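A.B. asks: Below you will find the structure I want to go over with you.
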Amino acid sequence: MTEIIAAACAFAPSREAARALIPAMSDEAAHLRRGRAVELAALRGLGVDPHIGGAADLRPGLDRLGKGGALDGGSLFAIAETLRVVERLQGELVRGGPLLSTVGIELAPLRGVRSQLERAVGADGTLSDSASPILGGLRAHLRSALERLRSRLEGLAHAKAYSPYLQDAIVTLRNGRYVLPVRAEAKSKVAGIVHDTSATGQTIWIEPLEVVELGNALREAEAAVGAEEARILSALSGVVAREGEVLRRNLEIGR
């Protein structure tokens, strides 16, 4: 019977709780279960259907935080969404009888934590420009550095001094650097740094010397953005870690 109940549960903690069900061993426990079931039926009769749809199993992430790790944006957004479910569920349960209201009151929506996460992390798990006072500016600088580099390379790709020696007048990326595809026999005609060679050996991807400085500036801008994003994720992970026990308790109550 417990396996049938578990199979109907989409939430992993709920499946585990279903499998662990045993008959009530006391009149008090049986009375509590019956009372909650009666109150839940009455609440549904009012058109309210408390459920945990949208919640995520946060335990793997909390375990990672417990070992000193950090969470990515997707995991942080899942926590925010789960806290949204907790707040909704709490509001629904406190509309029920005294037994369900007691359960609802025990839930902790952690509105401050959720607000921090929602301001910083989008639904796709990426950090918003406003996640910190400087991230937006760093990203704007990165876009500008990329535009300058690509514009310069595209100009070279169509310039008479370069175009005769290229396989195609395109700008591409090799090993993290923006390059031009030079015909192997014309390698000596394009002064620059070789970053890759095609499997056939007919094409050599070269970063012209005159754009190396722009390429370096782009890498520095990328590093600055990456460092700030890592700092933000670490800080947000710390906020979540400090509420780890509360989040686990919510999962225990809500399952």
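A.B. asks: Out of the residues in region 169-211 that are out of contact with any helix residue (DSSP H, G or I) (no Cβ under 8 Å at 6 or more places or on another chain), open to solvent by 70 Å² or more (accessible area, probe 1.4 Å) and part of a loop (DSSP other than H, G, I, E, B), which is nearest to E147 (Cα to Cα)?
C.D. replies: Looking at the filtered set, the residue picked out is N175.
A.B. asks: What's the total number of residues in region 119-156 that are open to solvent by 50 Å² or more (accessible area, probe 1.4 Å) and either among the aromatic types (F, W, Y) or part of a loop (DSSP other than H, G, I, E, B) (or both)?
C.D. replies: Final tally of qualifying residues: 5.
A.B. asks: List pairs: first residue in region 71-93 and over 16 Å from S128 (Cα atoms) and in a helix (DSSP H, G or I), second residue modelled with pLDDT of 95 or more and among the β-branched types (V, I, T) anywhere in the structure, Cβ distance under 7 angstrom, at least six positions apart or on different chains.
C.D. replies: I79/V240; L83/V113
A.B. asks: Another one. What is the number of the single condition among (1) over 26 Å from V225 (Cα atoms); (2) open to solvent by less than 50 Å² (accessible area, probe 1.4 Å); (3) not basic (K, R) that T102 does not meet?
C.D. replies: Looking at each condition in turn, T102 falls short on (2).
A.B. asks: Checking the structure you have, find out if any residue of region 5-25 is at pLDDT 60 or above and of a type in the set (S, T, Y).
C.D. replies: no
A.B. asks: Can you confirm whether Q116 is among the polar types (S, T, N, Q) and crowded, with 18+ Cβ neighbours inside 10 Å?
C.D. replies: Yes, satisfied.
A.B. asks: Please go through region 167-205 and give me each residue that is in contact (Cβ under 8 Å) with a residue 24 or more places away in the chain, over 17 Å from R219 (Cα atoms) and not aromatic (F, W, Y), ordered by number.
C.D. replies: Residues satisfying the conditions are Q167, L180, P181, V182, K189, V190, Q202, T203.
A.B. asks: Does G226 satisfy the criteria of being surrounded by 12 or more Cβ atoms within 10 Å (Cβ to Cβ), under 34 Å from the mean Cα position of the chain (by Cα) and of a type in the set (G, A, S)?
C.D. replies: Spelling it out, G226 is indeed surrounded by 12 or more Cβ atoms within 10 Å (Cβ to Cβ), under 34 Å from the mean Cα position of the chain (by Cα) and of a type in the set (G, A, S).
A.B. asks: Let me ask something else. Could you list, ordered by first residue, the pairs with Cβ atoms under 9 Å in which the first is in region 39-52 and open to solvent by 70 Å² or more (accessible area, probe 1.4 Å) and the second is among the hydrophobic types (A, V, I, L, M, F, W, C), at least 6 apart or interchain?
C.D. replies: Between residues of region 39-52 that are open to solvent by 70 Å² or more (accessible area, probe 1.4 Å) and residues that are among the hydrophobic types (A, V, I, L, M, F, W, C), the close pairs are D49/L43; H51/V85; H51/L89.
The values are calculated or read from the model by the stated rules, or taken from the named source; none is laboratory data. For clarity, every value in this text was computed on a predicted model and none was experimentally measured. We place every Cβ from the backbone using ideal geometry, glycine too, and count neighbours over all the protein chains shown. Keep in mind that these areas ignore ligands, DNA and RNA; they rest on the heavy atoms of the full protein, side chains included. Shrake-Rupley method; radii C 1.70, N 1.55, O 1.52, S 1.80 Å.
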